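To keep things clear, I will list the structure first and then write my remarks on it.
The values are calculated or read from the model by the stated rules, or taken from the named source; none is laboratory data. Here the structure is a predicted model, which is why all the values come from computation and not from measurement. Don't worry about glycine lacking a Cβ; one is built from the backbone with ideal geometry, like all the others, and counts go over all protein chains shown. Heads up: the accessible areas ignore ligands, DNA and RNA and are worked out on the full protein's heavy atoms, side chains in. Shrake-Rupley method; radii C 1.70, N 1.55, O 1.52, S 1.80 Å.
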Amino acid sequence: MASSEVDQKFLGKAAKAVEHENPLLASVLYKILGLSINLSHQLVKAKKQRRPDGTPTSAQLDLSFHIIWLSREGLVLLEQYVVPMVGAYTELKVLAYKLRASFYHIFVLFHNTPPVSSMGVNTPDPQSTPQSRLDKGKGIATDDDDAPPTAKPRRNFEGGPVGPPPGFGPESPSAFLLKPGDYLPIAHQYFKEAAELADKILWGSHSLRLSVKTEYAAFLYECVHDAEGSRKLAKETVAQVYDATEGIDNDMFNDACELVTVLGKMMKRGLNSSHKNPPSSTGSQPAARTEQGEPSAPPGMI
């Protein structure tokens, strides 16, 4: 997401590179970097606190509110100060497009209406909200109560009912932070734009390009619920890495190896157990050793 280590590395490098020629852009990038580091800790905590039944505790609600607020602030900085200034930069432009999709990815996970994930704060159904009843004998008695229905005078109540404060009505409890709505279509569109830009500008084994494709595949699986599309994207991305002939430095090599390993797991996610663990004459131990071993370097990543 917007908190991945690869994105944070490129944020720091980009901020350092533009410090002299564009101090304003550099300062905003540093702010987004700090926000991203904070957000990464909150996302890990939210994943650990997630309950199987999906019922949020007060601590989980507070954590979700914090995550939504951080993402909203990051998106404001990105759209107002970074996206308009990245036309002359290559990697920074891809990173800005990817971060924009990432922030909307978080909105979809934690704030979408209707909910598409168990991570978020669910919006209560207005149909199930208890309505007030006036016929329980608890109101103030008047002389008109003894009159027949046709004889009762009509009363004009001006102003109408008073709604509850934000966070206490049938809308999402986090509505005071971000307008409720379906953020899935726009998030999907931004991921497509980021992926197309990365394919156009960056080579197959570039770690930033792999970061875009890795989160896009996760978004397809978790939010769009397109398991086949997620596996297909992961498979195509790994194949393009092996076909790449450009050389990269050691730091990018290590990041690319880690992302290729993640994409390899995504290629199998959602398949039957028989596909995940094919029968072997030596049992399940060799498969475990392969998963824990060092990933082999694809051709061109030297």
> Going through segment 206-261 one residue at a time, which ones are more than 21 Å from the chain's Cα centre (by Cα), among the small types (Gly, Ala, Ser), surrounded by fewer than 16 Cβ atoms within 10 Å (Cβ to Cβ) and assigned to a helix (DSSP H, G or I)?
Replying inline: ALA239
> Could you say whether any residue in segment 30-39 is within 21 Å of VAL212 (Cα to Cα), open to solvent by less than 20 Å² (accessible area, probe 1.4 Å) and either in a loop (DSSP other than H, G, I, E, B) or not small (Gly, Ala, Ser) (or both)?
Replying inline: yes
> For segment 193-205, how many residues are open to solvent by 30 Å² or more (accessible area, probe 1.4 Å) and either touching a residue at least 12 places away in the same chain (Cβ under 8 Å) or among the aliphatic types (A, V, I, L, M) (or both)?
Replying inline: 3
>> Step by step: first the residues of segment 77-114, then only those that are among the small types (Gly, Ala, Ser) and assigned to a helix (DSSP H, G or I), then the one that is surrounded by the most Cβ atoms within 10 Å (Cβ to Cβ). Which residue is that?
In response: SER102
>> Here are the criteria: (1) crowded, with 19+ Cβ neighbours inside 10 Å; (2) part of a loop (DSSP other than H, G, I, E, B). Tell me which single one TYR190 does not satisfy.
In response: (2)
>> Given the condition open to solvent by 30 Å² or more (accessible area, probe 1.4 Å) and over 21 Å from PRO180 (Cα atoms), answer yes or no: does some residue in segment 66-76 qualify?
In response: no
>> Can you tell me which condition GLU19 does not meet? The list is (1) assigned to a loop (DSSP other than H, G, I, E, B); (2) modelled with pLDDT under 90, and all the others hold.
In response: (2)
> (1) touching a Lys or Arg at 6+ places or on another chain (Cβ under 7 Å); (2) at pLDDT 90 or above: which one isn't true of GLU215, the others all being true?
Replying inline: (1)
